[in-house]
Amino acid sequence: MLAIIGGSGLNQFPELRITKERFFSTPYGDCSAPLTFAEIESEGKINSIIFLPRHGKGHRLPPHLINYRANLWALKEAGVTRILAINAVGGMGVGMGPGAFVVPHQLIDYTWGREHSFNFAADGYVNHIDFTQPYSARMRELLIKALNSAGLPFHPQAVYGCTQGPRLETAAEIQRLIRDGCDLVGMTAMPEASLARELGMEYASLCLVVNWAAGLADQELSLDEMMRVLAAGISDIKKAIFIFAKTTI
Ligand code: HPA
C-alpha cells in the first residue's frame, strides 16, 4: 500500500475519497495525526492509500518536534510498503528557484538531537542499513513518469541538505551547503527517509521550492511569501500525486 506524507501546505487532502481515519499509538508515542485511509480508482480497480500530514492537522508541529519514529511505525503497522513524501524546500541549485518541482536523488543530514533510529542496544541486535541511495530508484522513476504525464516541468535530480530548524539558515551556512554539493535545503527529510529504510518501506520525495535559500536573493526571507508560493504550487502537487498513485497501485 502507498502512503503520502504531506508537508507544509498539504495538511489536508479533501479531494481524496476518504473511507476512514485511524489513530495509531505506537511504542514510540503518537503519530502526527490519525492516518487517513482513502480509495483511489485505477483501471476499474479500487485501491487504498493512506495520507499522513507530517506537521499534524493544523500544522502545529515544527520539523524538529515531529515524532518521525511514531509516524513511520504507524505507517508500517497499517500495511504501507511505499511512501511518497512531499517536502517544501529552499533552493540553491541552478534553476531551482521558487515554484520549481524537484525529485531529489541524494541527501546530506545536518540534523541533530532527533530520535533517528529504531535500533538501540536494548533490541539486542545491530542494524546498519545500506543508505547509499537514500531514495528508492523504482519510486523515483515512477514519480518522474507521473510528473511528465502531469505536464509539469521539474528537475529529475538534486541533493537535499536536511537542516535542524526551525530557524532558517544563515547565508554562510547556505554557502557551506553549496560547497557540500547541496541543491535544496529543507528540514523534514531526515530521519524520515532512513526510518523508512529501517522498516523496509520504499521512499521517494517530491519537493516544491518555496524560496531561494538564505543569502541567494536580494530580499529577506518572508514566511508569507513562502506560503504564497506553496499555495500556488499545491494543486499541481495534488495532480502529480493522483497520477503517481494510480500508476503505482
Ligand atoms: N531552509 C530550510 N527549510 C526550508 C526552507 C529553507 O530555506 N524553505 C522551506 N523549507
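The values are calculated or read from the model by the stated rules, or taken from the named source; none is laboratory data. These numbers come from a predicted model, not from an experiment. Here the Cβ is made from the backbone with ideal geometry for all residues, glycine too, and neighbour counts use every protein chain on show. Calculation scope for accessible area: heavy atoms of the full protein, side chains included, ligands and nucleic acids excluded. Shrake-Rupley method; radii C 1.70, N 1.55, O 1.52, S 1.80 Å.
Among the residues of region 127-146, the ones that are more than 16 Å from the chain's Cα centre (by Cα) and buried (at least 21 other Cβ atoms within 10 Å of the Cβ) come to 1 in all.
Can you name the residue in region 46-101 that is of a type in the set (G, A, S) and in a strand (DSSP E or B) and is also most open to solvent (accessible area, probe 1.4 Å) among such residues? Ranking the qualifying residues of region 46-101, first place goes to S48. Does region 1-14 hold any residues that are open to solvent by less than 70 Å² (accessible area, probe 1.4 Å) and either within 16 Å of the ligand (Cβ to nearest atom) or outside any strand (DSSP E or B) (or both), and which are they? Within region 1-14, M1, I5, G6, G7, S8, G9, L10, N11, F13 meet the criteria.
Pick from region 205-224 the residues that are within 11 Å of the ligand (Cβ to nearest atom) and not in a loop (DSSP other than H, G, I, E, B): which of them is surrounded by the most Cβ atoms within 10 Å (Cβ to Cβ)? Looking at residues that are within 11 Å of the ligand (Cβ to nearest atom) and not in a loop (DSSP other than H, G, I, E, B), I get V209.
Restricting attention to region 161-182, which residues are open to solvent by less than 40 Å² (accessible area, probe 1.4 Å), more than 10 Å from the ligand (Cβ to nearest atom) and either under 13 Å from S205 (Cβ atoms) or small (G, A, S) (or both)? So that I can check it myself, show each step before the final result.
So in region 161-182, the residues open to solvent by less than 40 Å² (accessible area, probe 1.4 Å) come out as 161-165, 169, 174, 177, 181-182.
With more than 10 Å from the ligand (Cβ to nearest atom) added as a condition, the list becomes 181-182.
Within region 161-182, G181 is the sole residue that qualifies.
Kindly indicate whether E173 is touching a residue at least 60 places away in the same chain (Cβ under 8 Å) and either under 23 Å from M139 (Cα atoms) or acidic (D, E) (or both). Considered against the rule, which asks whether it is touching a residue at least 60 places away in the same chain (Cβ under 8 Å) and either under 23 Å from M139 (Cα atoms) or acidic (D, E) (or both), E173 comes out as no. Of the residues making up region 28-44, those that are under 29 Å from P62 (Cα atoms) and not in a strand (DSSP E or B) are Y28, C31, S32, A33, P34. Given the residues I40, I86, I49, which is the only one that is within 16 Å of the ligand (Cβ to nearest atom) and at negative phi? Residue meeting the stated conditions: I86.
Condition first: surrounded by fewer than 21 Cβ atoms within 10 Å (Cβ to Cβ) and in a loop (DSSP other than H, G, I, E, B). Now tell me which residues in region 104-117 satisfy that. Quick ask: steps written out before the conclusion?
If we filter region 104-117 for residues that are surrounded by fewer than 21 Cβ atoms within 10 Å (Cβ to Cβ), which is where we start, we get 105-106, 108-117.
Hits for region 104-117 are H105, Y110, T111, W112, G113, R114, E115, H116, S117.
Only a single criterion out of (1) touching a residue at least 40 places away in the same chain (Cβ under 8 Å); (2) open to solvent by 60 Å² or more (accessible area, probe 1.4 Å) is not satisfied by R17, namely (1).
Just one of the numbered conditions (1) over 16 Å from the mean Cα position of the chain (by Cα); (2) at positive phi; (3) among the small types (G, A, S) is not true of G165: (1).
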